[in-house]
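The values are calculated or read from the model by the stated rules, or taken from the named source; none is laboratory data. This one's a predicted model, so the numbers in the text were calculated from it and none came from an experiment. No Cβ is skipped: glycine too gets one built from the backbone with ideal geometry, and neighbour counts run over all protein chains shown. With ligands, DNA and RNA removed, areas are computed over all heavy atoms of the protein, side chains included. Shrake-Rupley method; radii C 1.70, N 1.55, O 1.52, S 1.80 Å.
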Amino acid sequence: MPELTEALTILGAGTPRLLGYNDARNPEAAPGRPRLVDAPLDEAVGGLVAHIRDFRPDIVIGHDALGQLTGHPDHVRTHQITLLAVEAAGLAHLHPDAGPP
């Protein structure tokens, strides 16, 4: 996480904003939490929508549909969640509890 924190500082993007799910290949990343690949899709999307609505980024960058070079299952899931959350963040009727669109 130090690398992520440093990169965000350099970009002026603040501190890391995590969804809090466990890593499919590193079960100690978030002990007691479900793996991202096992998390309910709507819950994970809602969490990211809240971050997007709070931060209001100009751009959002994520993994490709194949999970980059490794095919890591969390990266594939991240792609799905990111696409859905970016769309939902601008629609008031989706995830209304996640802040104003």
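A few comments on the model shown:
- Heavy-atom surface analysis with a 1.4 Å probe gives the stretch 36-98 a carbon and sulfur content of 61 percent of its accessible area.
- Computed from the Cβ-Cβ distance with R0 of 35 Å, the FRET efficiency linking Ala92 to Ala30 stands at 0.70.
- Heavy-atom surface of the chain, accessible at 1.4 Å and reported per residue (Å²): 66 Å²
- Rg and Dmax over the alpha-carbon atoms of the stretch 5-52 stand at 12.4, 33 Å.
- Length-normalised contact order of the chain in % [C-alpha pairs under 8 Å, at least 6 apart]: 23 percent
- The stretch 48-84 residues near the modelled Asp38 label - backbone nitrogen below 12 Å, point 7 Å along Cα→Cβ: none
- Helix screen, the chain: DSSP H segments with Cα axial length of 15 Å or more and mean Kyte-Doolittle hydropathy at least -0.5 are 41-55, 73-89.
- Across the chain, the volume of the C-alpha convex hull divided among the residues equals 109 Å³ per residue.
- Taking all protein chains as shown and a probe of 1.4 angstrom, Thr78 keeps an accessible surface of around 40 Å².
- Its DSSP H runs of at least 4 residues, each contributing -39,500 (n - 2.57), put the calculated 222 nm mean residue ellipticity of the chain at -13500 deg cm²/dmol, to the nearest 500.
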